[in-house]
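A.B. asks: Could you have a look at this structure, given as C-alpha cells, before my questions?
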Amino acid sequence: MSKGVLSKNKRNSKVFKILSLTAVFIGFIALGIMLVDIFIDGAGRISWDFLSNFPSRRPGRAGILSALVGTLWMMSLTAAFSFPLGLGAGIYLEEYARKNWFTKLVEINISNLAGVPSIIYGLLGLGIFVRVCGFERSLLSGALTLTLLILPIIITTTRESLKAVPKSLREASYALGATQWQTVYSQILPVAMPGILTGTILALSRAIGETAPLIAIGALTYIAFLPHGVFDPFTVLPIQVFNWISRPQHGFAINAAAAIIILLLITLMMNSVAIYLRRKFQRRVKW
Amino acid sequence: MVENNVFDISALNVWYGEKQVLKDINIEIKANCVTALIGPSGCGKSTFLRCLNRMNDFIPEFHLEGKIINNGTDLYAQKIDPIEIRRDIGMVFQKPNPFPKSVYKNITFGLNIFGVKDTEKLDKIVEDSLRKAALWDEVKDDLNRSALSFSGGQQQRLCIARAIAVNPKVILFDEPCSALDPIATGKIEDLITELKKDYTVVIVTHNMQQAARISDFTGFFMLGELAEFDKTKKIFTDPSNKVTEDYITGRFG
C-alpha cells in the first residue's frame, strides 16, 4: 500500500472520530441546558408544602399532591395490568405459537403498534373504557389506556429476551425429559427475566410521562382531592405541568419547573429500580 | 452373555423439507456396549443420533419414515410421548451446556420435574451421579457454586452426571469432546468406558482414534447412508468397504 493511501485512511479515521464526538456533545449540551434551566427555575420552589398542597388559584400556595398521588396510582395500576399481559403474550408468541404467516402478521402488527401516536390510544381508551365499559374518566380508564400504549413494547422486549436465551439450554432441559412449560418456567424465564424487567420498567417510565392519551380520555386538570379507588377521577404530573404552563402568571411557570423536577426524579428512581432488579435476577442466575 | 438389542432400526429415512439426509438405515444397537458413529461432516450421523431420543422433533421440516424400536417400543408410534422417551434416553451435547445454576441444582432439575423433593434422597443422588461421572472429588465442596465457573471438561462431566441422575437406560453423546483439550477428553473417554457397565452408549465422534479406543461397534456414515457397520476392531483393521478404508486411513474427510 502506498504511503499516500495510508495517510488518507488515517485522516478519514480521525475525521470520523471528531464527527461522532460532536454528535455526543450536541446531545449532551442540549440535555444539560434543559436540566440547568429547569433547576434554576424550579429547584427553589420544591418544599414539603409544594408536595403536600392541592392545586390552587394562587401560584404560591399551589402544590402537586393530587398529581403526585395520581401518578403513583397510575404507575402501579399500569404495571399491574401491563406486566402479566405483556409477559404472557410474549411467552406465547415466542415459545408456543407456530411460526406461520398468521403469527408473522401478528408480529408485524405488534411492532407497528409500538409506533402509533399516543393520542390515538387516548381516543381508543375514550371509546372503549370511558364510554363502552362505563369506567368514566377514572384512574382505571387511564391505567388501561396506558396499558394498551405500552403493551407492544413489553411484548417485544419479552420476545427479544426469550430469543436471546441460548438454544443449548432448551436442549439440555428437553433432553432430561422436561415438558415445554417446565423448560420455559425453570430454565428460560430466569435467564430472560433481567431483560424483560428492564424493558418493562423503561416502558413504564414512558407511560408516566404521557399527557396526550390521558387528556384525550378526559383526565381533569384541577383536582383538589385524592382518589380513594380505581373508579375515582384523577390527575397526573404531566397534566398538572401542562395546565400550569398554559397560565399567564409567572409563578405557575416556576411551579411547572418544580413539578418537572419531581417527575424527573420519579423516572430516575424507576430506572434505578430497573437496575437493581436486573442485578438481583442476574445473581440468581449463576453465569 | 446374552446380547439383547436396545435399538432395532429398520428402513429409516429422514428428510429436512425436500432434502433427504438419511437413506435406508438398518442397524441394531446392543445393550451395555459403546456404539460409535463416524463419518465426514454433514453425513447425517448427528441427525441419526437425535432420532433416537426424538430431539429432531423441534425442527419444523423434519420428517421420518421407518421404524426405531427401543426395547419393544416404536419410538415414532402415534401414542408415544417424546417426553417419556427422553427420560429413558439421556443425551450429552457437543458443547457443555450446564444450566446457569449451581452444580447441585443442575443435577436435581431432572429429578424435581418428576416430583422428587425429598432432600436426603436428592443429596444421595447428587453424590452418586457425581461419583459416577468422576467429578465428586473436584466439586464436593462447591456444590452451590455456579456450574459455569468450572472448566469446560468439568462442565461436560457435570452434564454427564446430570444425564445419569435421572437413571436412563441409554446415554447418547453428540461429539462430547470436540470442545475439550486432550486431557479432559481422556477423562471423558475413561468415563464412557466405565459407563457401559450400567448404560448403553451411542456416541457420535469426529475423532477416529476415539472411536477405535472406546467403542465396541462402529457405524460409518457417508452421504446419509450407513456405509458400513461392524465390530470396531473389524472396521479399523479389515473394513469390507473401500470407502470406509479410505476414510479411516485419512485419504479424505
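A.B. asks: Going by amide H atoms built from the backbone, whose H comes under 5 Å of the H on B:LYS101, apart from near neighbours?
C.D. replies: Under 5 Å from the amide H of B:LYS101: A:LYS286, B:ALA147, B:LEU148.
A.B. asks: Provide a whole-number value for the mean count of partner chain Cβ atoms within 10 Å of the Cβ atoms in peptide A:177-186.
C.D. replies: Values: counts 16, 8, 3, 1, 1, 5, 2, 0, 1, 6.
Per-residue shielding by partner chains comes out at 4.
A.B. asks: Please compute the length gained on full extension between A:VAL24 and A:ALA253, using 0.36 nm multiplied by the number of residues separating them and subtracting their Cα-Cα distance.
C.D. replies: On the way: separation 229, 0.36 × 229 = 82.44 nm, distance 3.01 nm.
Extra length available between A:VAL24 and A:ALA253 comes to 79.4 nm.
A.B. asks: May I ask for the equivalent-ellipsoid semi-axes of the range B:1-147, computed as the square root of five times each C-alpha gyration tensor eigenvalue and listed largest first in whole Å? Intermediate values should be presented prior to the final figure.
C.D. replies: Details: eigenvalues 216, 62, 53 Å².
Three semi-axes, in Å: 33, 18, 16.
A.B. asks: Can you pick out the pairs among B:LYS23/B:LYS196; B:LYS45/B:LYS234; A:LYS163/B:LYS121; B:LYS101/B:LYS140; B:LYS45/B:LYS95 whose Cα atoms lie more than 26 Å from each other?
C.D. replies: B:LYS23/B:LYS196; A:LYS163/B:LYS121
A.B. asks: For B:HIS63, A:HIS250, A:HIS228, what's the fewest-to-most ordering of other Cβ within 10 Å of each Cβ?
C.D. replies: Details: B:HIS63 13, A:HIS250 10, A:HIS228 7.
Taking fewest neighbouring Cβ atoms as first place, the list is A:HIS228, A:HIS250, B:HIS63.
A.B. asks: Using the Karplus equation 6.51 cos²θ - 1.76 cosθ + 1.60 (θ = phi - 60°), what ³J(HN,Hα) coupling, rounded to whole Hz, does each residue of the range B:111-124 give in order, writing x for Gly and Pro?
C.D. replies: Using θ = phi - 60°, the values come out as 7, 4, 5, 10, x, 6, 10, 4, 4, 4, 5, 4, 3, 5 Hz.
A.B. asks: Using alpha carbons only, how many angstrom separate the centre of the range A:181-217 from the centre of the range B:184-241?
C.D. replies: Each part's Cα centre sits 50 Å from the other's.
A.B. asks: I would also like to ask the following. For the range A:1-106, what class follows from the C-alpha gyration tensor (a ≥ b ≥ c being the square roots of its eigenvalues): rounded when a/c is under 1.5, otherwise prolate if a/b is larger than b/c, else oblate?
C.D. replies: Values: a/c = 5.46, a/b = 1.25, b/c = 4.35.
Taking the square roots of the gyration eigenvalues as a ≥ b ≥ c, the range A:1-106 is oblate.
A.B. asks: Continuing with this model, one more query. Near the amide H of B:CYS33, under 5 Å away, which other amide H atoms are found, from residues 5 or more places off or on another chain, if H is placed in the peptide plane?
C.D. replies: B:VAL201
A.B. asks: Each residue of the range A:99-116 in order: what ³J(HN,Hα) in whole Hz does its phi give by Karplus 6.51 cos²θ - 1.76 cosθ + 1.60, θ = phi - 60°, with x for Gly and Pro?
C.D. replies: Using θ = phi - 60°, the values come out as 7, 9, 5, 5, 5, 4, 4, 4, 4, 4, 5, 5, 4, 5, 4, 5, x, 6 Hz.
A.B. asks: Of all the stretches in chain B, which is the longest one without any exposed loop site, taking GluC sites (Glu not before Pro) in a DSSP loop (any state but H, G, I, E, B) with at most 12 other Cβ atoms within 10 Å?
C.D. replies: Values: sites that count: B:GLU3, B:GLU18, B:GLU61.
Value returned for the longest uninterrupted segment is B:62-253.
A.B. asks: For the protein assembly as shown, what is Rg from Cα atoms divided by 2.2 N^0.38 Å, rounded to two decimals? Please report the intermediate quantities before stating the final value.
C.D. replies: On the way: Rg = 31.9 Å, N = 540, 2.2 N^0.38 = 24.0 Å.
It is 1.33.
A.B. asks: Counting only other chains, and only Cβ atoms inside 10 Å, what mean value do you get across the residues of B:99-105?
C.D. replies: Numbers: counts 10, 11, 8, 1, 1, 0, 2.
That average works out to 5.
A.B. asks: Next question, about the same structure. Within 10 Å of each candidate Cβ there may be at most 16 other Cβ atoms; applying that plus a DSSP loop requirement, which trypsin sites (Lys or Arg not before Pro) in the range B:149-253 survive? All intermediate terms of the calculation are to be shown ahead of the outcome.
C.D. replies: Numbers: sites: B:ARG157, B:ARG162, B:LYS169, B:LYS187, B:LYS196, B:LYS197, B:ARG213, B:LYS231, B:LYS233, B:LYS234, B:LYS242, B:ARG251; in loops: B:LYS169, B:LYS196, B:LYS197, B:ARG251.
Hits after loop and neighbour filter: B:LYS169, B:LYS197, B:ARG251.
A.B. asks: List the trypsin sites (Lys or Arg not before Pro) within the range B:24-125 that DSSP assigns to loop and that have no more than 15 neighbouring Cβ atoms inside 10 Å. Show your work: numbers first, answer last.
C.D. replies: On the way: sites: B:LYS30, B:LYS45, B:ARG50, B:ARG54, B:LYS67, B:LYS79, B:ARG86, B:ARG87, B:LYS101, B:LYS105, B:LYS117, B:LYS121, B:LYS124; in loops: B:ARG54, B:LYS79, B:LYS101, B:LYS117.
In loop regions of the range B:24-125 (DSSP not H, G, I, E or B), the sparsely surrounded trypsin sites (Lys or Arg not before Pro) are B:LYS79, B:LYS117.
A.B. asks: Just counting partner chain Cβ atoms within 10 Å, what average do the residues of peptide A:165-173 show around their Cβ? The partial results should precede the final answer.
C.D. replies: Values: counts 1, 3, 2, 6, 4, 2, 7, 13, 6.
Other-chain Cβ atoms within 10 Å of each residue's Cβ, averaged: 5.
A.B. asks: Taking 7 Å along the Cα-to-C-beta vector as the label spot, tell me the A:SER168-B:ALA11 distance in nanometres, rounded to one decimal.
C.D. replies: It works out to 4.0 nm between the two label points.
A.B. asks: Would you calculate a helix-derived [θ] at 222 nm for chain B, using -39,500 (n - 2.57) for each DSSP H run of n ≥ 4 and dividing by the full residue count, to the nearest 500? Intermediate results must be reported in sequence, preceding the final value.
C.D. replies: On the way: 10 runs with 90 residues, N = 253.
After summing the helix terms and dividing by the residues of chain B, the value is -10000 deg cm²/dmol.
A.B. asks: Of A:ASN100, A:PHE234, A:SER52, whose Cα points farthest to the positive end of the dipole of chain A (charges on the beta-carbon: +1 Lys, Arg; -1 Asp, Glu; origin at the Cα centre)?
C.D. replies: About the Cα centre, the residue reaching furthest to the positive side is A:ASN100.
A.B. asks: Also, I was wondering about something else. Under 16 Å from a label point 7 Å along Cα→Cβ of B:ASN4: give me every residue in the range B:73-88 with its amide N that close.
C.D. replies: B:73-74
A.B. asks: Can I ask one more? What does the charge add up to near B:ASN56, with Lys and Arg as +1, Asp and Glu as -1, over the other residues with Cβ less than 15 Å from its Cβ? Show your work: numbers first, answer last.
C.D. replies: On the way: positive: A:LYS167, A:ARG170, B:LYS19, B:LYS45, B:ARG50, B:ARG54, B:ARG86; negative: A:GLU171, B:ASP57, B:GLU61, B:GLU65, B:ASP174.
Local net charge: +2.
A.B. asks: 5 Å is the cut-off here: which amide hydrogens, built 1.01 Å from N in the peptide plane, fall below it relative to B:ALA227, excluding neighbours closer than 5 in sequence?
C.D. replies: The list, which skips near neighbours in sequence, is B:PHE220, B:PHE221, B:MET222.
A.B. asks: To the nearest 10 degrees, how steeply does helix B:152-165 sit against the main Cα axis of chain B, on a 0 to 90 scale?
C.D. replies: Taking the Cα atoms of chain B, the angle to B:152-165 is about 90 degrees.
A.B. asks: Per residue of the range A:205-212, what does 6.51 cos²θ - 1.76 cosθ + 1.60 with θ = phi - 60° give for ³J(HN,Hα)? Whole Hz please, x for Gly and Pro, Karplus curve as stated.
C.D. replies: 4, 5, 4, 6, x, 6, 10, 3
A.B. asks: If a/c stays under 1.5 just call it rounded; otherwise compare a/b with b/c (prolate if a/b is bigger, oblate if not). Do that for chain A, with a ≥ b ≥ c from the square roots of the Cα gyration tensor eigenvalues. Can you show the working numbers first?
C.D. replies: Values: a/c = 2.11, a/b = 1.23, b/c = 1.71.
Taking the square roots of the gyration eigenvalues as a ≥ b ≥ c, chain A is oblate.
A.B. asks: At 222 nm, what helix-only mean residue ellipticity would chain A give, in deg cm²/dmol to the nearest 500, using -39500 (n - 2.57) for each DSSP H run of four or more?
C.D. replies: Result for chain A: -23500 deg cm²/dmol, rounded to the nearest 500.
A.B. asks: Diagonalise the Cα gyration tensor of chain B and give the resulting equivalent ellipsoid semi-axes, square root of 5 times each eigenvalue, largest first, whole Å. Could the numbers behind the result be given before it?
C.D. replies: Working: eigenvalues 187, 94, 53 Å².
Equivalent-ellipsoid dimensions as semi-axes: 31, 22, 16 Å.
A.B. asks: Now a separate question. From the convex hull of the Cα coordinates of the range A:3-45, what is the mean projected area in square nanometres? Each step should come with its number before you reach the end.
C.D. replies: Values: hull surface 11.4 nm².
Projected area, direction-averaged: 2.8 nm².
Bear in mind these aren't lab numbers, they're just calculated from the coordinates by the rules spelled out. All figures in this text were calculated on a predicted structure; none of them were measured in a lab. In this analysis, Cβ positions are derived from the backbone assuming ideal geometry, glycine residues included, and neighbour counts consider all displayed protein chains.
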